Each structure stands twice: as C-alpha cells, then as structure tokens.
C-alpha cells in the first residue's frame with residue numbers, strides 16, 4: 001500500500017493534527033499556574049499543592065457522557081453547546097458531594113474526524129471550564145471507522161474535584177421527616193431523555209417554531225446543561241452550611257435520583273405545581289402522549305438541582321442562593337421512594 005495507507009483505511013492523522021491546532025488556544029485559556037503540562041503531552045500534570053491548604057482533603061472523581069443529544073447537535077450542525085453540556089453535567093455530579101472542580105479530561109470519538117466540529121466542541125468545554133475555574137487538562141480524539149456510523153460521534157468526560165472531608169455531602173444521618181426540598185430551575189432537558197425526545201419529535205422538523213417556547217425546537221433542545229456551581233459554591237463550602245444534601249436530577253429524573261441520597265426510613269414528597277414547569281416538557285408530554293409518572297422518571301421537569309434543608313433554615317438558604325428558588329416538597333416517613341403529590 002502507499003504511504004497514505006492509514007488514511008485509506010479511514011483514519012486521517014493530518015485531520016487529528018489539525019483538530020489539535022484548532023483547539024489549542026481554547027484549551028490553554030483554561031490553564032492556571034497549577035497546570036504544569038497539558039495539551040501535547042502524554043498525560044496532563046496538575047500541581048496538587050492546593051491540597052495542603054485543606055486539613056483533610058478528599059478527591060472526588062466522576063465520568064459521564066452527553067448521550068444521544070449529540071445526534072440532535074449533528075443534525076443542525078451546532079456543536080459548541082455539547083461542550084458546555086458535558087463539563088457542566090460533570091461539575092454538577094461532584095457538586096452534590098460538596099466538591100469544587102480542579103480539572104477535566106475529555107474524549108471525543110467519531111467515524112471520521114471533522115477538525116472544525118471537534119474544535120467547536122472543545123471550545124464549548126473550554127468556556128465551561130473557564131467559568132468554573134477548572135483546567136481542561138487533556139483529552140483524546142479518536143477516529144473509529146466501522147465502530148461509529150458515518151456522521152456520528154460521541155462525547156464523554158472525566159472530572160476531578162476537591163472537598164474537605166468534614167464538608168462531604170450528603171449528610172444522610174442528619175436528614176429528618178419534615179426537611180424541605182428547595183428546587184433550583186433547569187434550563188431545559190439538560191442531557192437526559194434525548195432518546196425519548198428524538199422519538200417524540202421524529203416527524204417534526206427541528207427548525208419548527210413553537211410560540212410556547214418563543215424559539216425553534218432545536219434552540220429549546222440544545223440549550224446547555226446548567227452548572228449550579230456559581231449558585232451553590234459559597235454556601236456548601238461554608239463550614240456552617242445548612243444544606244444537608246443535594247440531588248442532581250439527571251438520568252432518572254425525580255424518581256431515580258432523589259432516593260440516592262435518602263436514608264432507608266424516609267420518602268421524598270414532591271408537590272406538583274409548586275414551580276413553573278418549562279413549556280418544553282408540556283410539549284414533549286403532549287406530543288408523545290407520555291404519562292406524568294414517566295415524565296418525572298425521565299426528565300427534570302424544570303428543576304435541575306434539589307437542596308434539602310431543615311424547615312427553620314429554608315429562608316436563609318434561599319436568601320444565600322442568588323436567584324429565585326422554589327419550595328417543591330418535603331421528606332416524609334417511608335422507604336426511599338419519591339411520592340408525587
């Protein structure tokens with residue numbers, strides 16, 4: 001075979017090099033003095049001396065993906081929001097344990113490498129990392145013909161964060177019947193339920209304008225996953241924080257995620273109608289003829305994060321969060337289930 005045999009097999013090394021060149025500036029924009037070696041190295045180096053400032057430091061790690069939301073992004077050729085999605089999803093996953101992010105690693109795989117697409121995704125990651133004070137320390141871009149269908153790609157990421165052992169959440173032993181659930185609004189479906197969403201709207205063009213949304217369907221469905229770090233960081237890092245637990249409403253919605261932080265003698269009662277439901281969820285339910293229980297098992301229904309606090313601390317915690325929040329339910333005696341009331 002000729003010297004370009006690898007390219008003939010479907011893998012273009014030059015495209016990989018071009019992708020790295022296009023993303024280099026965005027990645028380096030996330031570096032602080034803690035980053036000793038990043039893009040271009042075999043491994044990222046991160047100065048761990050910050051751990052010495054904590055009396056009992058604990059590292060927290062999480063890995064996740066964006067799921068089939070990437071298919072919608074590919075359909076409309078809009079990729080940067082996917083980068084925000086994966087970073088913010090991972091930030092929220094470790095935030096519920098009280099951790100702040102230190103650095104993030106990404107993985108992008110496709111059937112055929114499109115350098116501009118990869119650069120757009122990474123630009124979104126870099127922007128989300130900068131907002132969180134988190135380094136985009138490294139990653140991998142893989143071209144895998146025969147594994148992925150033509151035109152398809154996947155995005156995943158790993159985050160490493162830091163928390164003081166005494167501030168690890170949830171404080172499950174402190175949860176009591178009567179504790180209040182405070183809901184923080186979501187921006188939309190975030191990164192969950194997109195296989196169902198794609199099925200529901202399979203005959204509806206993504207550029208369809210919905211009056212209820214004030215936007216096209218694509219705009220509503222590709223709004224990035226929110227990061228709750230700026231809203232909650234000050235409160236949860238306060239040694240006197242009144243937040244006993246946080247629940248990130250990701251895959252599994254209310255029904256599957258809240259029980260993950262409950263002791264075995266408590267249920268969570270959700271008071272339906274206690275917050276403004278986003279129009280996109282009403283449209284999904286109506287178009288898909290989906291029952292209410294299923295909606296709350298799949299989607300966040302307009303609430304992306306839940307904080308659990310004692311009744312006497314509700315006002316103080318709500319005042320400490322710099323946006324409107326909602327009292328959406330309470331803990332009741334039970335067996336780690338969610339009751340929709």
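Bear in mind these aren't lab numbers, they're just calculated from the coordinates by the rules spelled out. Note that the structure is predicted; figures quoted are calculated from it, not measured. Every residue, glycine among them, receives a Cβ derived from its backbone with ideal geometry; neighbour counts consider all protein chains shown.
How high is the relative contact order of the stretch 26-114, in percent, with contacts defined as C-alpha pairs under 8 Å that are six or more residues apart? Before the final figure, lay out the partial values.
Values: 43 pairs, mean separation 15.2, N = 89.
Computed value for the stretch 26-114: 17 percent relative contact order.
Which three lengths, in whole Å and largest first, does the stretch 179-228 cover when its Cα atoms are put on their principal axes?
The Cα atoms of the stretch 179-228 stretch 44, 23, 18 Å along the principal axes, largest first.
Give me the percent relative contact order of the chain, please, defined on Cα pairs under 8 angstrom at least 6 residues apart.
Details: 708 pairs, mean separation 72.8, N = 341.
Computed value for the chain: 21 percent relative contact order.
Give me the tail of P(r) for the stretch 27-116 as a percent: Cα-Cα pairs with distance above 23 Å. List each step's numbers first, then the result.
On the way: 1492 of 4005 pairs.
Of all Cα-Cα distances in the stretch 27-116, 37 percent exceed 23 Å.
Report which label in (i) 148, 35, 34; (ii) 73, 55, 32; (iii) 73, 49, 48 holds the value of Cα extents along the principal axes in Å derived from the coordinates of this structure.
(ii)
For the chain, give me the percentage of DSSP beta bridges that are antiparallel, rounded to the nearest 5 percent. Provide the component values of the computation, followed by the final result.
Numbers: 42 of 54 bridges.
Counting only bridges with both partners in the chain, antiparallel ones make up about 80 percent.
Taking the stretch 5-166, how much of its Cα-Cα pair set, in percent, is spaced more than 21 angstrom apart? Kindly include the intermediate steps, with their values, before the conclusion.
On the way: 5989 of 13041 pairs.
Pairs farther apart than 21 Å: 46 percent.
Would you calculate the volume per residue, in Å³, of the smallest convex hull containing every Cα atom of the stretch 172-340?
On the way: hull volume 18.0 nm³, N = 169.
Normalising the Cα hull of the stretch 172-340 by residue number yields 106 Å³.
How big is D for the stretch 111-252, in µm² s⁻¹ as a whole number, if Stokes-Einstein is applied with the Kirkwood radius of its Cα pairs at 25 °C and 0.890 mPa s?
Here the translational diffusion coefficient equals 129 µm²/s.
Provide Rg over Rh for the stretch 108-158; use the alpha carbon set for both Rg and the Kirkwood Rh (inverse mean inverse pair distance).
Working: Rg = 12.0 Å, Rh = 11.7 Å.
Dividing the radius of gyration by the Kirkwood radius yields 1.03.
Output the peptides 306-314, 219-227 sorted from most to least packed, where packing is the average of other Cβ atoms within 10 Å over each peptide's residues. Walk me through the numbers on the way to the answer.
Numbers: 306-314: 20.1, 219-227: 22.3.
Going from most to least packed, we get 219-227, 306-314.
Can you give the calculated 222 nm mean residue ellipticity of the chain, where each DSSP H run of n ≥ 4 adds -39,500 (n - 2.57) and the sum is split over every residue, rounded to the nearest 500 deg cm²/dmol?
Values: 12 runs with 111 residues, N = 341.
Helix contribution divided over all residues of the chain: -9500 deg cm²/dmol.
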